[in-house]
Amino acid sequence: MNKHPTSIKLFFIVSLLLHCWCMNAFADNLAPEKLTVGYFDFPPHTFPKNSKQPSAALAYFDKIAQEMGVEVEYKHYPLSRLVFLLDHQRLDAALFLAKTEARTKIFSYPSTPYFTTNSVFVVPSASNLKSAKDIEQKSTLQLAVWEGGFHSSTLAVSKNTLVPLSGNDVAARGIQLVVNGRFDAFFSPDSHAIEYEALTTGQTASIRILPIPGEDIDIYSVFSKKSANLFLKRYESALKKVTAEISYATFLSNYQKNLPHTPEVTPTMNSESSLTQ
């Protein structure tokens, strides 16, 4: 007869607990890392959180994440809030951000952009402003801009009044405010957003889009300083592989052709360009 039943029972309990702990640790090691990525409304690249329309930029980033071997949790915020959270290490990355000197001091940018776009002004069709140069030469205009958004060199030296628009749906609201005469012009760092919103809201005849010469803008997926140590090099490697398969420009063009209930938008990005934005 066993003279130490308590000791044997304790041994089996401890063994069972150790086994469970080892299995959990093994499962944790097998589970992919999670990357928390913030994004803001930026049709046709990304759509509002409750939209039924698929977002090309998120689908494209999924391909990059798969190549990185990570799971992605997307978080939707207004642009200014997203920048704040990334700065305070509460997000690993922002899906889209243009590069500024101030941002490079607090964020980590990859060597390759997600895609490249061009900035534009939007004015009412009846406006006497015929070009970006006309706007640059004025000093009494009211210009609507993205709150917390990228300001081009043209805006940096502008003597006109810049009025920030906060919240979501900035491109659509900017167009509508210009059409309603609330502002003389609206600045957008991305022409695709304006083209898309003008078509889907039926405002193409009500506005004119004025390209800003020499202001092509690179747009990046940007990492917090802390997260960059873990993810940046892997992201750059994955981005290179995915780009070789299909550029974001081509991916976006294909996506737009299949968007439900929206007119087809003819992209102006160079389909041979690498991932940028």
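The values are calculated or read from the model by the stated rules, or taken from the named source; none is laboratory data. Computed from a predicted structure; not experimentally measured. With ideal geometry, Cβ positions are generated from the backbone for all residues, glycine too; neighbour counts draw on all protein chains shown.
Residues that are of a type in the set (Gly, Ala, Ser) and touching a Leu at 6+ places or on another chain (Cβ under 6 Å) within the stretch 132-148 comprise Ala132, Ala144, Gly148, listed in sequence order.
Checking each residue of the stretch 94-107 against the condition of being outside the structural domain of Asp62 (by TED's automatic domain parsing), touching a helix residue (DSSP H, G or I) at 6+ places or on another chain (Cβ under 7 Å) and farther than 20 Å from Thr204 by Cβ gives no match.
Of these, Ser125, Ser139, Ser153, Ser131, which one is over 22 Å from Gly214 (Cα atoms), in the same structural domain as Gly202 (by TED's automatic domain parsing) and surrounded by fewer than 16 Cβ atoms within 10 Å (Cβ to Cβ)? Only one candidate qualifies: Ser125. Taking the stretch 171-190 as the range and being buried (at least 22 other Cβ atoms within 10 Å of the Cβ) and either more than 23 Å from the chain's Cα centre (by Cα) or part of a helix (DSSP H, G or I) (or both) as the test, the residues that pass are Ala171, Gly174, Ile175, Val178, Phe183, Ala185. State all residues of the stretch 202-229 that are surrounded by fewer than 20 Cβ atoms within 10 Å (Cβ to Cβ), touching a helix residue (DSSP H, G or I) at 6+ places or on another chain (Cβ under 8 Å) and farther than 27 Å from Glu136 by Cβ; if no residue qualifies, say none. Selection gives Lys225 alone. Of everything in the stretch 206-228 that is outside any strand (DSSP E or B) and not charged (D, E, K, R), the residue that is farthest from Ser131 (Cα to Cα) is Ser227. Restricting attention to the stretch 68-79, report how many residues are within 13 Å of the chain's Cα centre (by Cα) and outside any strand (DSSP E or B). Here the count works out to 3. Exactly one residue among Leu82, Leu97 is closer than 26 Å to Ser247 by Cβ, assigned to a helix (DSSP H, G or I) and in contact (Cβ under 8 Å) with a residue 24 or more places away in the chain, and that residue is Leu82.
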